[in-house]
1. Ignoring any ligand, DNA or RNA, what whole percent of the accessible area of segment 197-254 comes from carbon and sulfur when the probe is 1.4 angstrom?
2. Tell me the per residue accessible area of the chain using a 1.4 Å probe; a whole number in Å² is fine.
3. What is the sum of charges around R88, taking Lys and Arg as +1, Asp and Glu as -1, for the other residues whose C-beta is under 13 Å from the C-beta of R88?
4. To the nearest Å, what is the center-to-center distance of segment 116-185 and segment 33-94, using C-alpha atoms only?
5. Based on Cα coordinates alone, diagonalise the gyration tensor for the chain, multiply each eigenvalue by 5, take square roots, and list the semi-axes in whole Å, largest first.
6. With a/c under 1.5 counting as rounded, go ahead and sort segment 242-292 into rounded, prolate or oblate using the C-alpha gyration tensor (a ≥ b ≥ c being the square roots of the eigenvalues; past the cut-off, prolate if a/b is larger than b/c, else oblate).
7. Taking the DSSP beta bridges in the chain as the whole, what percent of them are antiparallel, to the nearest 5?
8. Would you mind checking K104/K172; K172/K272; K197/K250; K46/K84; K25/K97 for any pair whose Cα atoms are more than 19 angstrom apart?
Amino acid sequence: MTKINEPLYVAISLDIDPDANNAVKGRYDALSSPVEQGAVRIEACKRGLQKILELLDIFDINATLFYEARTAQMLVADGVDLPKLSERHEVSCHSLKHEDYLGKVSGVPMEEASIEESITKAKEILEKIFGRETRGFRAPYTRINQAVVNVLERLGFQYDSSETVALGTEWKGCPFLLEKFDADLLELALPTFPDSKGKKMSSYLWAIFEGRRVSSDYIDATLRARETAKGGLFIFSIHPWHLYVDCRGKPFHEEQATQNLEHLEYILSRLKQMQGVQIIRQDAYLDHWLLS
């Protein structure tokens, strides 16, 4: 299967979950920071999601939306017409309550039966809200293990998008089987890559909003990937809440929030205009790849 004449495919994905969420010691589910308050907030998520979807409409971009089921329920209860807002986009699953499946922070790894109960419920909630099948999954904290993969296969998910892999000579962005878990589940991995100074970076855009990266870092990375990963998929990821609050839950000043939106708009604009690049939903890319 030759890819030499194909473009670099780029997907915009959103992890739609509670504001500044964090895992909590001793419990499976996540809370908004500061976790000592015991709250789950979605105000920044709601505002950010609406703004991002407006921008995607302006640039005529179809995206993949990984909804945490709890957040989707809260947004609907808050009067948001999620089916209408998400109409042109892929709807995928981002867990029930942003569980720490592996217990890395909580200290209480979830048993496979509990993981299955939780993801089953999340899938049912999302499919009821949106009236369509959820084909893809992204784990909270992008952490999966054998139990999670077993559950995803049993529940009929067609792909996972949680693994992070270095883009380069060994991997050029194409789907691959999760053979390390002895699974037939396909992985649409998140890329890591070196910046212009050789320092490792990821395709999550949160670093811009926290002042640790500039927009050109991501554009330059896309240009490099365009030359080395033709036919592959380069996935950008965004947390909608991160436009308006930092990872500790502290609201950005209005000037910073405006700059964050400008950074995102700049990236979308450049991607849309870039020759040799095609923006695509993750499910559409997978269908294209399977038929190639």
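The values are calculated or read from the model by the stated rules, or taken from the named source; none is laboratory data. What you see is a predicted model; the values in this text were computed from it and never measured. All Cβ positions, even for glycine, are placed from backbone atoms using ideal geometry, and neighbour counts span all protein chains on display. Surface accessibility is based on the protein's heavy atoms, side chains included, excluding ligands, DNA and RNA. Shrake-Rupley method; radii C 1.70, N 1.55, O 1.52, S 1.80 Å.
1. 55 percent
2. On a per-residue basis, the chain sits at 44 Å².
3. Computed value for this residue: -3.
4. 20 Å
5. Sorted largest first and rounded, they come to 27, 24, 19 Å.
6. Oblate is the answer for segment 242-292, as a/c is 1.5 or above yet b/c matches or exceeds a/b.
7. In the chain, DSSP labels about 25 percent of beta bridges as antiparallel.
8. K104/K172; K172/K272; K197/K250, as the Cα separations exceed 19 Å there.
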